[in-house]
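Structure provided below as structure tokens; questions to follow.
The values are calculated or read from the model by the stated rules, or taken from the named source; none is laboratory data. Computed from a predicted structure; not experimentally measured. Cβ placement follows ideal geometry from the backbone for every residue including glycine, while neighbour counts extend to all protein chains displayed.
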Amino acid sequence: MSDLEQYIDKVFEPRPVAASLPRPAEPATYAVGAGGPPGQQVQQSDVFRGILRKWYVALVVFIVLAGAGIPAIWILVEPKYTV
């Protein structure tokens, strides 16, 4: 008998959890666009400021992706010309 066959005739019903999760004191104000007021959009300058704030993370990600991507393209892409 497999593990699934032993549960075929049993019915599982969801039950509420005895302990409730703590709620945050105030909603997050940094989620503009996702949780902000309706109609508010992310400005391009806000995105640029965010990138400048974490420039070292963006630089490391770029170097890792370029370090893996450039050799992969060099090896895997066949030339389109014949000599």
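Please enumerate the residues belonging to segment 29-67 that are surrounded by 10 or more Cβ atoms within 10 Å (Cβ to Cβ), of a type in the set (A, V, I, L, M) and either part of a loop (DSSP other than H, G, I, E, B) or at pLDDT 85 or above (or both).
Hits for segment 29-67 are VAL32, VAL42, VAL57, ALA58, LEU59, VAL60, VAL61, ILE63, VAL64, LEU65, ALA66.
Is it the case that some residue within segment 4-22 is at pLDDT 65 or above and under 25 Å from the mean Cα position of the chain (by Cα)? Even if it seems obvious, please write down each step before you answer.
Applying the first criterion (at pLDDT 65 or above) to segment 4-22 yields 4-22.
Then keep just the ones that are under 25 Å from the mean Cα position of the chain (by Cα); that gives 21-22.
The answer is yes, given that some residue of segment 4-22 is at pLDDT 65 or above and under 25 Å from the mean Cα position of the chain (by Cα).
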